[in-house]
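Report on the structure given below.
The values are calculated or read from the model by the stated rules, or taken from the named source; none is laboratory data. Keep in mind the model is a prediction, meaning the values are calculated, not measured. Cβ placement follows ideal geometry from the backbone for every residue including glycine, while neighbour counts extend to all protein chains displayed. Surface accessibility is based on the protein's heavy atoms, side chains included, excluding ligands, DNA and RNA. Shrake-Rupley method; radii C 1.70, N 1.55, O 1.52, S 1.80 Å.
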Amino acid sequence: MAQSKILVDTNSYLRLAQSVKPLLFVPFGNNEYCLYVIPELEQQHLGNKFPWVNDPEDSQDRQHYPSISKKQKTAIQETYEFV
């Protein structure tokens with residue numbers, strides 16, 4: 001069965017990541033749900049307010065990103081332009 005990928009927003013990630021290890025890229029449930037963050041989360045300066053995000057374990061957990069097909073990228077860009 002294919003994975004059901006779910007994007008976790010930054011706020012949820014920051015609330016859950018310290019208490020649930022590992023949080024990302026671990027399939028769970030009958031439908032094999034798997035949590036991901038967007039790559040832009042890594043570029044934010046979260047270490048100023050949340051020093052634990054710079055820990056190697058947490059940084060490594062965020063290195064897996066969902067793959068996006070060319071068709072999906074086009075749909076995302078069209079939606080972005082519309083909004």
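Laid out as a table, the results:
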{"read-out": "Every pair of residues 6+ apart whose Cβ atoms lie under 6 Å, when the first sits in region 8-36 and is closer than 18 Å to Tyr65 by Cβ and touching a residue at least 24 places away in the same chain (Cβ under 8 Å) while the second is open to solvent by 80 Å² or more (accessible area, probe 1.4 Å) and not charged (D, E, K, R)", "value": "Glu32/Met1; Tyr36/Leu7"}
{"read-out": "Qualifying residue in region 29-51 (condition: among the β-branched types (Val, Ile, Thr) and open to solvent by 70 Å² or more (accessible area, probe 1.4 Å))", "value": "yes"}
